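All remarks here apply to the structure that follows.
Only the coordinates and a few stated rules stand behind these numbers; no lab work does. Predicted model, so just to flag it, every value in this text is computed and none were measured. Because the Cβ atoms are built from the backbone with ideal geometry, glycine has one as well, and the counts that use them run over all protein chains shown.
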Amino acid sequence: HLSHSIALALAEAFECEVNDLPLSIVLSWYEQKAVAVLLSLLSLGLKDMRIGPSLPAFISPNVLNFLVENFNLTPIGNASDDMATMLG
């Protein structure tokens, strides 16, 4: 997937790990291919992503708990607060 390739290329170019890149990722659930994007990014071990505007129906409380604990996945909130958090 393109985002997977871009993240790997950036990490290689800057000689760092993918999670060390100064990236903020917000993944929107408007199409089913968002699931493939999420799985691709999780396979890289990417953490601290935000998803929304709502959670996909297939994410049960147990799956959500696993994603939050292991990948620090966070549902989006309001745009102003999310931007302030992502920009530090």
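How high is the relative contact order of the chain? Use alpha-carbon pairs under 8 Å, at least six apart in sequence, and give a whole percent.
On the way: 82 pairs, mean separation 23.5, N = 88.
This gives 27 percent for the chain.
Charges on Cβ only, +1 for Lys and Arg, -1 for Asp and Glu, centred on the Cα centroid of the range 1-87; of V35, A57, L46, which one is farthest towards the dipole's positive end?
Working it through, the farthest residue towards the positive pole turns out to be A57.
What residues have an amide H closer than 5 Å to that of I25, excluding those fewer than 5 places away on the same chain, when H is modeled at 1.01 Å from N in the peptide plane?
For I25, whose amide H was placed from the backbone, the distant partners under 5 Å are R50.
What is the magnitude of the charge dipole of the range 1-87 about its Cα centre, with +1 placed on the Cβ of each Lys and Arg, -1 on the Cβ of each Asp and Glu, and no other charges, expressed in debye to the nearest 20? Spell out each step's value before the answer.
Values: 3 positive and 9 negative charges, 62 e Å.
So the dipole magnitude of the range 1-87 works out to roughly 300 debye.
Between rounded, prolate and oblate, where does the range 1-87 land on the alpha carbon gyration tensor, with a ≥ b ≥ c its root eigenvalues, rounded for a/c under 1.5, else prolate if a/b exceeds b/c? Walk me through the numbers before you get to the answer.
Numbers: a/c = 1.70, a/b = 1.36, b/c = 1.25.
Because a/c hits 1.5 or more and a/b exceeds b/c, the range 1-87 counts as prolate.
Which of the chymotrypsin sites (Phe, Trp or Tyr not before Pro) found in the range 16-88 are loop residues per DSSP with 14 or fewer other Cβ atoms within 10 Å of their Cβ? Kindly include the intermediate steps, with their values, before the conclusion.
Working: sites: W29, Y30, F58, F66, F71; in loops: W29, Y30, F58.
Answer in residue order: Y30, F58.
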